[in-house]
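To start, the structure itself, in structure tokens.
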Amino acid sequence: MIKSTIRKSTYQAIYRLLDLVSPVPFDCGNLCNAACCNCGNDDEDLGIYLLPGEDKLHLHDESWLHWSSEKAEDFDFPDSWKGKVYFVRCKTPPICPREKRPMQCRTFPLTPHIDDNEVLSLVWNDTALPYECPLIEEEFPLDPKFIQATYTCWKHLIRDPLIYDLVKQDSKDRDLEE
């Protein structure tokens, strides 16, 4: 397993902070029938990788999650990632324990970006998705409290060298695509 410098208590604090905010002041799932939660219900390839150390917050026998582990070296993770990474799929979409959603679900539709000057910012998640997100497609104005909380959380998370490497790699890939 990949070792993270992020403590379980830090992840818990990050989750609590993000529990207090939402991208928009209504359930955005009503715009698209919870496309991001429902997509891939029958497809074992669709899910999300947990960040290093994030697995400390989840039990492997939780009834709403299907777990698998993969070797980081077999996928497009940074070279610093050695060992197992956890991949989870929701078994009960679109219903999940909201307070237990993985980090990258919590901060969607934003994603962290580190520029050439090492400045962290948040950008719209432009990853190829198997669905359309109205928040992204229509660039809905997001709640400033959500943006600030998301930024604060990623600022803490990138202190971990492995998470920093991931965000930096994703940022470089994003810049190359533009």
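A few comments on the model shown:
- Hits in the range 9-28 - residues which are closer than 13 Å to ARG101 by Cβ and assigned to a helix (DSSP H, G or I): TYR11, ILE14, TYR15, ARG16, LEU18, ASP19
- For the range 88-97, the criterion of being at pLDDT 90 or above, more than 16 Å from ASP27 (Cα to Cα) and not charged (D, E, K, R) is satisfied by no residue at all.
- Of all residues in the range 58-104, those being open to solvent by less than 40 Å² (accessible area, probe 1.4 Å), among the charged types (D, E, K, R) and in contact with an Asp or Glu (Cβ under 9 Å, 6 or more places away or on another chain) number 1.
- Number of the condition not met by ASP43 [criteria: (1) modelled with pLDDT of 90 or more; (2) surrounded by fewer than 17 Cβ atoms within 10 Å (Cβ to Cβ); (3) not in a helix (DSSP H, G or I)]: (1)
The values are calculated or read from the model by the stated rules, or taken from the named source; none is laboratory data. Not measured: the values here are computed from a predicted model. Note that we place each Cβ from the backbone using ideal geometry, even for glycine, and neighbour counts take in every protein chain shown. In case anyone asks, the SASA skips ligands and DNA or RNA and just uses the protein heavy atoms, side chains included. Shrake-Rupley method; radii C 1.70, N 1.55, O 1.52, S 1.80 Å.
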